Structures are given as C-alpha cells and as structure tokens.
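These notes concern the structure reproduced below.
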Amino acid sequence: MRGRADHLLLGSFLLFATTQHAGAACIDPAQLAHSTVGIMRHFDDADRDALPNLIGVRGTGWFLSPTTIVTAEHVTAGMKLSTEEWKSLEIADGESSHFIAARIQRLAGARAEKLAVVELEHAVSAARSVAIRREPLVPDEQVITLAYPAGSLHPVGGRFVRFGDDGKLAGMALLEFYEGENRLVIDHGASGAPVIDCDGRVAAVISNVFTQSIVWASHQIRISTAWGMPNVVSVPVQVLDEFAQAN
C-alpha cells in the first residue's frame with residue numbers, strides 16, 4: 001500500500017459528458033431559500049482547447065445583490081469568465097434554472113485564493129441577498145453551508161475549527177463538515193458556497209478540501225482528514241469589505 005497526500009481544489013467541477021439531504025446546524029435552510037445557486041458555464045468548441053470532451057465547469061455562488069453573485073475566484077477562472085466579455089452562465093436555483101449573461105465585476109482578497117464578484121446582465125427577481133458577517137468566526141462555532149455538489153442543492157452543517165497560520169493557509173478559515181460518516185459530503189462543485197452562521201450571515205466562502213489518495217489493490221481511494229480535524233478550507237468573507245475600503 002502507498003499513500004499520497006493531496007490538497008484538492010474542489011471548485012469548479014469539470015464536467016465530462018456525467019443527492020443527498022442533510023440536516024442543518026443552527027439555522028433552517030428554508031430561511032435561506034433563493035440565496036445560493038449552482039452556476040455552470042457550458043463550453044463551446046473554442047473553449048475546450050486540448051480537452052475536447054469537456055462540456056463545462058460547475059460551481060456554487062450566492063447573491064450579494066440581485067445582479068451580483070459571489071463565488072471562489074478559481075471557479076470563474078475555470079469557467080473562463082472575463083471582466084469585459086459577457087458569457088452565458090446557467091444559474092440553478094433548486095429545481096429551476098435559466099441562462100444569464102455574466103462577467104467578472106471584480107476580484108477581492110490578497111491571498112492565493114480570492115473571491116470573485118460576478119456581474120449579471122440583468123437582475124434575478126427571486127434572488128435573496130445574504131448579510132455579510134463583519135466579525136471573525138470563533139472556534140467550535142456552528143455553521144451551515146448550502147452547496148451544489150453534482151448540481152443539486154445540499155445543505156450541510158459543520159463547525160469552524162481555526163484560522164490557518166502559515167503558508168497558503170495563512171488567514172484562511174478552516175472548517176469541519178460532515179454528514180453522518182461522510183466527510184467528503186463537501187466536494188466537487190461546492191467551491192463558492194457560503195459558510196453561514198447561526199444568525200444567517202455569510203462568514204466565509206468555500207474554496208477547497210483536504211483529502212488523501214491511497215492506492216490499494218490497484219484502486220485509488222480518496223479519504224478525508226481524521227475526525228475532529230478541519231477538512232474544508234474557506235476564504236473569510238471580510239475580504240469583500242477590505243476591497244471596498246481600499247477603493
């Protein structure tokens with residue numbers, strides 16, 4: 001047996017021609033209806049480059065306003081969104097979806113992983129904006145996330161563990177999310193999902209997960225971190241305020 005440690009970027013879920021239900025932490029997910037959406041960019045032939053079977057990139061985002069969505073920067077990079085050209089984006093809200101032209105309004109943050117504010121060509125009438133939490137999370141504070149892994153809305157409860165203190169994790173909010181025995185419930189397609197506190201405020205935005213790949217009997221198996229350890233990395237949402245103050 002041999003093992004290989006990975007720090008897996010889960011953001012944009014690369015879709016090659018491819019639900020669960022969870023309990024909440026301290027806030028009813030129904031109170032957050034229409035605040036979080038699945039986002040997907042469908043690629044045409046010109047976008048596929050060396051990957052002809054790639055049909056699109058998927059992630060999660062949340063409404064800062066009826067005309068702006070926040071997600072992780074690597075999601076928009078994978079989608080090949082730009083600050084100038086409008087490109088069609090599929091926006092899924094629960095079981096319904098529609099297409100809206102979108103472009104990057106701005107990026108926020110000074111770390112390796114930033115947040116992207118995506119501008120929509122026209123407002124989404126059902127959109128519900130979520131308040132931003134100004135103060136940092138505290139250890140063991142209960143949180144919830146609403147994500148779209150595999151394109152389906154999935155609320156998951158968890159807790160804040162600590163802030164990263166070195167390297168690429170410095171200043172990042174490290175969390176532990178799981179559903180029953182499943183510690184990989186937050187996975188591909190969840191990047192950009194909001195981390196919401198018990199008062200319904202966004203405190204951070206999911207960026208990636210910690211996993212380890214183990215090869216056993218010619219099969220590669222992904223496993224999460226040990227119980228009690230953080231398994232999800234997120235960007236503190238306060239970087240949005242920092243950008244506004246700097247400009």
Open item on the list: Charges on Cβ only, +1 for Lys and Arg, -1 for Asp and Glu, centred on the Cα centroid of the chain; of Ser129, Ala77, Gly164, which one is farthest towards the dipole's positive end?
Closed with: Gly164
TODO: Within 10 Å of each residue's Cβ, count the other Cβ atoms and sort Met79, Met229 from fewest upward.
DONE: Met229, Met79
Open item on the list: Order these by the 10 Å Cβ neighbour count, fewest first: Phe163, Phe63, Phe210.
Closed with: Phe163, Phe210, Phe63
Task: lysines with Cα under 24 Å of Lys168, excluding same-chain neighbours fewer than 8 positions away - done: Lys80, Lys114
Task: Anchor Lys87: aspartates and glutamates whose Cα lies under 19 Å away (excluding residues fewer than 8 positions away in-chain) - done: Asp44, Asp45, Asp47, Asp49, Glu73, Glu119, Glu121
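Considering only the other residues whose Cβ falls under 13 Å of the Cβ of Ala150, what net charge follows from Lys and Arg at +1 and Asp and Glu at -1?
0
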Open item on the list: Let me spell out the model: positive unit charges on the Cβ of Lys and Arg, negative unit charges on the Cβ of Asp and Glu, origin at the Cα centre of the chain. What dipole size does that give, in debye rounded to 20?
Closed with: 380 debye
Open item on the list: Ranking request for peptides 183-195, 87-99, 105-117, 148-160: highest mean number of other beta-carbon atoms within 10 Å first, then the rest in descending order.
Closed with: 183-195, 148-160, 105-117, 87-99
Task: the chain: calculated mean residue ellipticity at 222 nm from DSSP helix runs of at least 4, using -39500 (n - 2.57) - done: -1500 deg cm²/dmol
- [ ] Compare the Cα positions of Ile144, Thr68, Thr211 along the charge dipole of the chain (+1 at Cβ of Lys, Arg; -1 at Cβ of Asp, Glu; about the Cα centre) and return the one farthest towards the positive end.
- [x] Thr211
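Each reported figure results from applying straightforward, stated rules to the coordinates on display, with no laboratory input. Since the structure is predicted, the reported quantities are computational estimates derived from the model, not experimental observations. Counting neighbours? That spans all protein chains shown, and the Cβs are built from the backbone with ideal geometry, glycine included.
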